[in-house]
Amino acid sequence: MLDPKKIEQVARQIQNVLPQGIKDLGDDIDKKIRAILQSQLNKLDLVNREEFDVQTQVLLRTREKLARLEQRLNELEAGQQAPAEVAQIEEVDVIVETGNDSKA
């Protein structure tokens, strides 16, 4: 819900810029301005500051968790690549040794 004080402030600003003839209509126009303003603002998909701050904190925690998971995944991938590289090197060594023996 929007802060009634803010709506009141905006309604006053609107009233201040209205021509004097419309201002003379009095409370009726004032109530209509507030009603229209409230109606139009309610149609917007707005959140209050508290909800925004909560969602910001949730997003920060999610980003931190994602960074930790990415780091862990990189560590696991690096750990799996190292044995595969060692096996590949050993295979090349065996081929080289075998190749040298057949030439001799």
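The values are calculated or read from the model by the stated rules, or taken from the named source; none is laboratory data. Fair warning: this is a prediction, and the values are worked out from it, not measured in the lab. Reconstructed Cβ throughout: ideal geometry from the backbone, glycine too, with neighbour counts over all protein chains shown.
Within region 36-55, no residue satisfies the criterion of being modelled with pLDDT of 95 or more and exposed (fewer than 10 other Cβ atoms within 10 Å of the Cβ). Among the candidates L60, L66, L44, which residue alone is under 18 Å from K6 (Cβ atoms) and free of Cβ contacts under 8 Å to residues at least 12 places away in the same chain? Step by step, each of L60, L66, L44 is checked, and only L44 is under 18 Å from K6 (Cβ atoms) and free of Cβ contacts under 8 Å to residues at least 12 places away in the same chain.
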